[in-house]
Amino acid sequence: MIRGRCWKLGDNVSTDHIISGKYKFSAIDSLDSMIPHVLEEVIPGFHEKVSRGDVIVAGRNFGKGSSREQAPRLLKIVGVSAVVAKSFAHIFYRNAVNIGLPVVVAQRIPEVSETGDIIEVDLESGVVRNVTKGFEERISPFPREIAAILKTGGIVEYIKLYGAPPWLGGTG
Amino acid sequence: MGFIDRLVSRVVGRDVSPGDIVVVDIDAVYAQDGTAPLVIEVIEKELGAGELLAASRTYFFIDHSAPAPHVAAATVHREMRRFCRKWGVHLYDVGSGICHQVVVDEGIARPGMVVMGADSHTPTIGALGLYALGVGSTDAAIAIAYGRQWVRVPPTVKVVLTGRPPAGVMSKDIALSLVGELKTDGMVGRAVEFHGEALKCISMDSRFTLTNMCTEMGAESAVIPVDEVARQWLESSGLTPFRRVDYNPSETQFADELTFEVGRVEPAVAAPPDVDNVLAVGEVEGTEVDQVFIGSCTNGRLEDIEVAARILRGRRVHESVRCIVAPASKKVYLEALRRGYLQALSEAGCVVAPPTCGPCVGAHMGLLAEGEVALATTNRNFPGRMGHKDSKLYLASPATAAATAVEGKIADPRKYLQG
Ligand code: SF4
């Protein structure tokens, strides 16, 4: 189960907001050098304020814009354990699944949550909770393959463990 | 249901519906110098792949920062060249052009294909009647290594374009007006499929602008099924469909349907800070600009350069403006050169840049300083996209851009295009 403090963001947070395009080339070898810039224009000093396990709760179309995968990778590196949003841009969604960052679609939680609340995401039983507000919302279960990828911590880990992506075993 | 589910059904050999997750063979995969480094890292370091099943249908493009503006980019480019040589992946090096245009020019993207591009504007090529999906680097790496990938069949919204675009109105104006109405999240989780009589008078060059801008409505994909205009274009380009898809839109149930009258569209401008902040050109006319950029995968095609040359020929770029023109690909560049457009633009005072994304993504060749204002034919005006975070960027058609270059402030192109 995922449990952490809430960072509340609005609608249409783009991958440019998460990590500006201008840092891509200056840091090809290490994502580490991009860490100070994660969400810097949205929450100044975010990389210092965030703690391991924290959950981002946002509105519609989270992760819109560029396909840069550095965006979800950096969120995971700085300690974000899940993103709960009303909807996701599809490339961000796929990227997040691939790198093992749970992305959860929920409609009410983003409305009731505030920064600092305690959020729980229970992927097994399909529930997101705002513990502080005493509110919970059911989420639709992930398709089998996506659940399997998230469970192993990402597609690369999955392939290392089982030798091939989950769908090569049977779906089609 | 829509063209994309028919195509995916054909590929997997059974009927699929929107929402289904299915595994498909990927007919072509591509990545650019912004996303390829991580593709390489995933393949060689994270996966430690021994073979790449789709190497022969994988294409790398050096287009975002080409030629290299600094050592970091040069190092990325060197890595891409090494990777391509090692694995037998096709490379389009510095000067070839922007990935979404080159895959069209080179006949890499053909009707009926399933294509994955590690770039968010991959839906551009859907104007060729194919399923184009923008992805990130790990997705592209898996597609390259295994030749197959999962897709979630998107629900399709049918957008019917009626009427005829008025003189001086380009497909960019139609696209911006659509984004203004639907907003940047209007099509999240959906694919857009264009239909309607207006398409008969919208050329292939203009169509790629429409599908390109669907990314800015949040659409997962965009498509224009092959019609007479496309068939003639394919024939003149010597291209044939990759796969035939039986498709009858009149028998199709779409997730949603909307009609858009293009006869009422005016030259449009997206003002900062987002693409859906769309105004008629008259509402921002007179706003002074420091830079005009004509190019990108949205509007760097021959028709775009042509209209800019038509307006600027025999005129001068205003003394307070620098006007940068970058054809989207080498093919566009050479044809624009042959037809005298580049000479006319250069004589008018434009800087003609090589085929590159360049300033579109704030990579090089025309960044903005703090407080500067630009008008560009690109697709995103997020703060800082083209340089300093406190610079301002307006988006518009190439005609509006050229008129603006002449006057030094945002201008209505219609007065330059009459007669
Ligand atoms: S021209 Fe701009 S939007 Fe198009 S691929 Fe290049 S950077 Fe991206």
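The values are calculated or read from the model by the stated rules, or taken from the named source; none is laboratory data. Not measured: the values here are computed from a predicted model. Note that we place each Cβ from the backbone using ideal geometry, even for glycine, and neighbour counts take in every protein chain shown. When the accessible area is computed, the model is the full protein with side chains, heavy atoms only, and any ligands, DNA or RNA have been set aside. Shrake-Rupley method; radii C 1.70, N 1.55, O 1.52, S 1.80 Å.
Annotations for the structure displayed:
- For segment A:72-158, GluC sites (Glu not before Pro) meeting the loop criterion (DSSP other than H, G, I, E, B) and having at most 16 other Cβ atoms within 10 Å: A:Glu114, A:Glu124.
- Sum of side-chain charges, B:Asp93 neighbourhood, beta-carbon under 12 Å (Lys, Arg +1; Asp, Glu -1): +2
- Sites A:Arg144 and B:Arg82 - FRET efficiency at Förster radius 41 Å, r taken between beta-carbons, to 0.05: 0.60
- Accessible-area value, B:Ile410, 1.4 Å probe, nucleic acids and ligands omitted, Å²: 0 Å²
- Kirkwood-Stokes translational diffusion coefficient of segment B:1-129, alpha-carbon pairs, 4 °C, 1.567 mPa s, µm²/s: 82 µm²/s
- With a 10 Å cut-off around each Cβ of A:146-154, the average count of Cβ atoms from other chains is 1.
- Charge tally for B:Val281 (other residues, Cβ to Cβ under 13 Å; Lys, Arg +1; Asp, Glu -1): -2.
- For residues of A:63-76, the mean tally of beta carbons on other chains within 10 Å: 6
- Potential extension, A:Glu114-A:Ser30 segment - 0.36 nm per residue separation minus Cα distance: 27.0 nm
- Chain A - share of DSSP beta bridges that are antiparallel (%, nearest 5): 50 percent
- Taking N as its residue count, the alpha carbon Rg of chain B over 2.2 N^0.38 Å: 0.94
- Of all DSSP beta bridges confined to the protein assembly as shown, the antiparallel ones make up roughly 30%.
- The 3J(HN,Hα) values that the Karplus relation (6.51, -1.76, 1.60; θ = phi - 60°) gives for segment A:107-115 are, in residue order, 9, 8, 3, x, 7, 8, 8, 10, 3 Hz. Gly and Pro appear as x.
- Per residue of A:80-90, other chain Cβ atoms within 10 Å of the residue Cβ number 3 on average.
- In the protein assembly as shown the Cα-Cα distances spread across 20 Å bins starting at 0 as 22, 57, 21, 1 percent of all pairs.
- Inter-part distance where segment A:2-78 and segment A:92-108 are each reduced to a Cα centre, Å: 13 Å
- For segment B:309-408, GluC sites (Glu not before Pro) meeting the loop criterion (DSSP other than H, G, I, E, B) and having at most 11 other Cβ atoms within 10 Å: B:Glu319, B:Glu370.
- For the cross-link pairs A:Lys22/A:Lys76; A:Lys86/B:Lys86; A:Lys8/A:Lys151; A:Lys86/B:Lys331, the ones whose C-alpha atoms lie over 32 Å apart are A:Lys86/B:Lys86; A:Lys86/B:Lys331.
- Take the accessible area of B alone and of A alone, subtract that of the pair with a 1.4 Å probe, and the total buried over both chains is about 3600 Å².
- Under 5 Å, built H, 5+ apart or other chain: amide partners of B:Tyr30: B:Tyr59, B:Met116, B:Gly117, B:Ala118
- Summed side-chain charge close to B:Ala175 - residues other than B:Ala175 whose Cβ falls under 12 Å, Lys, Arg +1, Asp, Glu -1: -2
- Segment B:90-149 versus segment B:232-287: alpha-carbon centroid distance in Å: 20 Å
- Gyration tensor (alpha-carbon) shape descriptor, segment A:2-141, a/c threshold 1.5: prolate
- Cleavage-rule hits (chymotrypsin sites (Phe, Trp or Tyr not before Pro)) in segment A:1-103: DSSP loop, at most 14 neighbouring Cβ within 10 angstrom: none
- Leading residue at positive end of dipole, chain B (Cβ point charges), from B:Ala72, B:Gly95, B:Leu47: B:Gly95
- Fraction of alpha-carbon pairs over 26 Å apart in segment B:268-416 - percent: 14 percent
- Amide hydrogen neighbours beyond the local backbone of B:Glu266, cut-off 5 Å, H modeled: none
- Bridges between two residues of chain B, per DSSP, are antiparallel at a rate of about 20%.
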